[in-house]
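Step one of this worksheet: look at the structure below.
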Amino acid sequence: MGAWRRYFLPSRSSISVSPTEQPGRRHRLPHQHHRFEWLLAHEWRELLASRAFWLLLVMIGPLVGHSFITAVDTYAEASGAGGGPAALAQGLSPLDGILVPTFGAYDLAVTLLFPFVAIRLISADKASGAWKLMEQAPPGLPAILAAKGIALLAGWLLAWTPGLLALVLWKAYGGALYAPELLNLLLGHLLRVILASGIAVAAAAIATTAASAAIATLGFTVGTWALDFVGENRGGLLQKLASYTPTSALRVFEQGQFRLSTVVVEAALGLGGFALAAVWLPLGRKPMARAAGSAATAAALALVLWGSAQLRPAWDLSENRRNSFSEAEEAALGKIREPLRVTVFLAPEDPRLIDLDRGILSKLERILPAVDVQNASHSQTGLFEGSGDHYGEIWYEMGGRRVMSRSTTEPIVLGVIFGLARVEPPAQTGEREYPGHPLAARPTGAAWIYYLLLPMVVVAAGWLHFKDRS
Amino acid sequence: MLLSVTGVSKQFGRNTVLENAGFSVREGEILGLIGPNGAGKTTLFECLAGLIAADGGTVRFRDSELPPDGRKHALHYLPDTIRPWPDQPVRWVLSFFAALHGRPQGEAQRLAAALKLEGLADSRVGSLSKGESKRLLLGLGLLAPHPLLLLDEPFDGLDFRQTREAMALLRDTQAQGRTLFLSIHQLNDAARVCDRLVLLSRGRVVGEGTLDELRASAGLADGGLEEVFLALT
């Protein structure tokens, strides 16, 4: 008895069904939370049984370590280490210099390694026949998928150990961290893995084999890269769609922005993948029912995504307020209640449009109640637009008044808008500028930790884990 | 009547696997589904369990129609050729399965002892031999608390002694008031353990009843199940 107690979770009484009882609710409802604990424990064990997961853990340490060590060295050089000229202190932000490159390794891992871990959690059940037993078990599909999702998330949080260790090392070197932008970046990476899990789980549910699911998942990733590229060059709806690809969405968080629309869209896409898996996993479902379920899921998801994309709330959580105007300018802009219409005669590939969009329009959209931007350019590059095409003009319209400017410089554009809105521009108040955080420290001991200690710890843990199961 | 099956059909492409199959399962009996390889036994079980969508037919449980998505509440089907959770030890698989179905852990332990799995408790499922794996599957099937169990080839891979022990275990289960529906291609085994039989040939039910009833419908004065089956197909 003692040996069997090894696996006992908190004990509950039996709910065995009387042989003469009609099947019904009593069979399904009792102790569901207890079953869920077992499901969670089981999925965690299945995750730990996955060689792909252990391989991911072995590789993630050196990957993150290399990014971190390179970032700290580069940051030190920019800060004047070794007697070289230092960059302007205001330009030295740990978000850009350390956090984004260090956690960038996770983007690589979640794109190329993590899908195989997630796919296995579904495909192994299908291949071994365990799914036939699971489908008949009382917990039901939503609980099973939830347990798999939570196990994947827990596994990913474990894989975050090297990244979190990098933060500790950075602090130990004397580096600065700004909690809001750090937590925002971590949220971005968390959403990235939720999305990757959803795509991988859906692919594993739809495909017959793990190999097909892997190809489908990588195909999806390559597709989003293509959409990124095309959207950047075409503008319009494609550009709007491209702003929600995993890479673009992560860039928002890397810039220190918290956009509600990005958060909801990414979470909805991830959960949508799990919903699609729930349509395809039941074995007894007819093809037409699966097609109808998929179409209904896609329609519901499209509706949620469209609604989410309309959400305007956004916050600048970066320490250097890179996504904001000065506080005085924002206070003055806050007095404007009328909608602003901007008509831009600049091609999508024109760098001035990129400056205008990132430096001014995206900031305005966060502050003004309504900003409608129309791109009136006729070409992709603007190189061959005629003189009658108004190329280079930017028209601002508010309350029936129109003003044209060709500038994409922040003070000039703001001056145009204040004039158009008849709002007094703020006086120069001498606001405190971001001081920057130069640090000429070397990554002492990091190489030993990331290239030797962490891989050895993972290999030893893996060896101990699999030793008992040979 | 515990389960009434009428008109169940299934085609895979142009291949008709089940054709208008119908029969009944009585409360508390051991019913055998007999047929050669390819007769459609597994497909019939998977249709009954709701794991394959049948093209037609109805299933009634205690006089109420049982839709495919409600089958898992009335019956449990144990497939033949699966090897579930191959990376987990036998002990965990039994404990987990018992917990999933709300059975006490002592029941998992009792079945492990009855099926002589205790010595294999720490072995990975993937490392078990065919016979050991079959004993584990039998344990999983009997852990499900459903009034009706569908076991696909429960003796396949077991040696003579193990088959006798498994039969005794199934008789014990029957004595507790549960109903068993076994798919068996070894006619001798079927004749030894089953109270009644359903004969399936090329997807059609060609006979149903006790051995004596089947013998009578085949017009044979004597003879075993093999002769009866040959006469009816």
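Each reported figure results from applying straightforward, stated rules to the coordinates on display, with no laboratory input. Since the structure is predicted, the reported quantities are computational estimates derived from the model, not experimental observations. All Cβ positions, even for glycine, are placed from backbone atoms using ideal geometry, and neighbour counts span all protein chains on display.
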Using only alpha carbons, build the gyration tensor for the stretch A:327-421 and give me the equivalent ellipsoid semi-axes, biggest first, whole Å.
24, 14, 11
Within a Cβ distance under 14 Å of A:ARG401, other residues only, what is the Lys/Arg minus Asp/Glu net charge?
+1
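Taking all pairs of different Cα atoms in the protein assembly as shown, averaging 1/r and flipping that mean, what Kirkwood radius in angstroms comes out? Display every interim value, and only then the final one.
On the way: mean 1/r = 0.0334 Å⁻¹.
About 29.9 Å for the protein assembly as shown.
Let me know the volume per residue of the alpha-carbon convex hull for chain B, in Å³. Write down the numbers at each step before the final one.
Working: hull volume 28.6 nm³, N = 233.
Taking the convex hull of the Cα positions in chain B, it is 123 Å³ per residue.
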Have a look at the DSSP beta bridges in the stretch A:327-421 and tell me what percent are antiparallel, nearest 5.
65
Nearby aspartates and glutamates by direct alpha-carbon distance to A:LYS132 (threshold 14 angstrom, same-chain neighbours under 8 apart not counted)
B:GLU46, B:ASP69, B:ASP80, B:ASP152
Could you give me the ³J(HN,Hα) list for the stretch B:6-13, computed from phi with Karplus coefficients 6.51, -1.76, 1.60 and θ = phi - 60°, whole Hz, x at Gly and Pro?
9, x, 6, 10, 7, 10, 10, x
Angle in degrees between helix A:32-48 and the longest Cα principal axis of chain A, rounded to the nearest 10
80
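Below 8 Å between Cα atoms, with a sequence gap of 6+, how large is the relative contact order for chain A in percent?
Values: 604 pairs, mean separation 91.9, N = 470.
Taking the mean separation of contacting Cα pairs over the length of chain A, I get 20 percent.
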Suppose every K and R has +1 on its Cβ and every D and E has -1 on its Cβ; what is the size of the dipole of chain A about the Cα centre, in Debye to the nearest 20?
2260
At q = 0.18 Å⁻¹, what is the log10 ratio I(q)/I(0) for the stretch A:253-407, with the Debye formula run over Cα points and no solvent?
-1.11
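Antiparallel DSSP bridges in chain A: what percent, to the nearest 5? Provide the component values of the computation, followed by the final result.
Numbers: 12 of 17 bridges.
Looking only at bridges with both residues in chain A, the antiparallel portion is about 70 percent.
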To make sure I understand, if each residue's beta carbon is the centre and we count other beta carbons within 10 Å, what order do A:TYR173, A:TYR450 fall in, fewest to most?
A:TYR173, A:TYR450
Which value in deg cm²/dmol, rounded to the nearest 500, describes the helix-derived mean residue ellipticity at 222 nm for chain A, given -39,500 (n - 2.57) per DSSP H run of n ≥ 4 and division by the residue count?
-19000 deg cm²/dmol
Given a cut-off of under 8 Å on Cα pairs at least six residues apart, what relative contact order in percent is computed for the stretch B:95-152?
43
Let me know the whole percent of all Cα-Cα pairs from the stretch A:32-317 that are separated by more than 36 Å.
21
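Averaging sequence separations of C-alpha pairs under 8 Å and six or more residues apart, then dividing by the length of the stretch A:327-421, give the relative contact order as a whole percent.
Values: 142 pairs, mean separation 32.5, N = 95.
Once normalised by length, the contact order is 34 percent.
Counting every Cα pair in the stretch A:194-275, what percent are over 17 Å apart?
On the way: 1699 of 3321 pairs.
So the pairs more than 17 Å apart make up 51 percent of the total in the stretch A:194-275.
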Using +1 at the C-beta of Lys and Arg and -1 at the C-beta of Asp and Glu, which of A:LEU157, A:GLY223, A:GLY400 has the Cα lying farthest in the positive direction of the dipole of chain A?
A:LEU157
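Nothing charged except the Cβ atoms of Lys and Arg (+1) and of Asp and Glu (-1): what's the magnitude of the dipole of the stretch A:142-274 about its Cα centre? Round to the nearest 20 debye. Intermediate values should be presented prior to the final figure.
Numbers: 7 positive and 5 negative charges, 16 e Å.
Computed charge dipole of the stretch A:142-274: roughly 80 debye.
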Which angle from 0 to 90°, rounded to the nearest 10, does the C-alpha axis of helix A:100-112 make with the longest principal axis of chain A?
50
Helix A:260-280 axis, angle to chain A major axis (alpha carbon atoms, nearest 10°):
30
Here are some pairs, A:LYS286/B:LYS72; A:LYS286/B:LYS41; A:LYS126/B:LYS130; A:LYS126/B:LYS10; A:LYS126/B:LYS134; A:LYS148/A:LYS240; which of them have Cα atoms lying more than 24 Å apart in this structure?
A:LYS148/A:LYS240
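Please order B:SER95, A:SER377 by the number of other Cβ within 10 Å, starting at the fewest.
On the way: B:SER95 28, A:SER377 21.
Listed from fewest to most nearby Cβ atoms, that is A:SER377, B:SER95.
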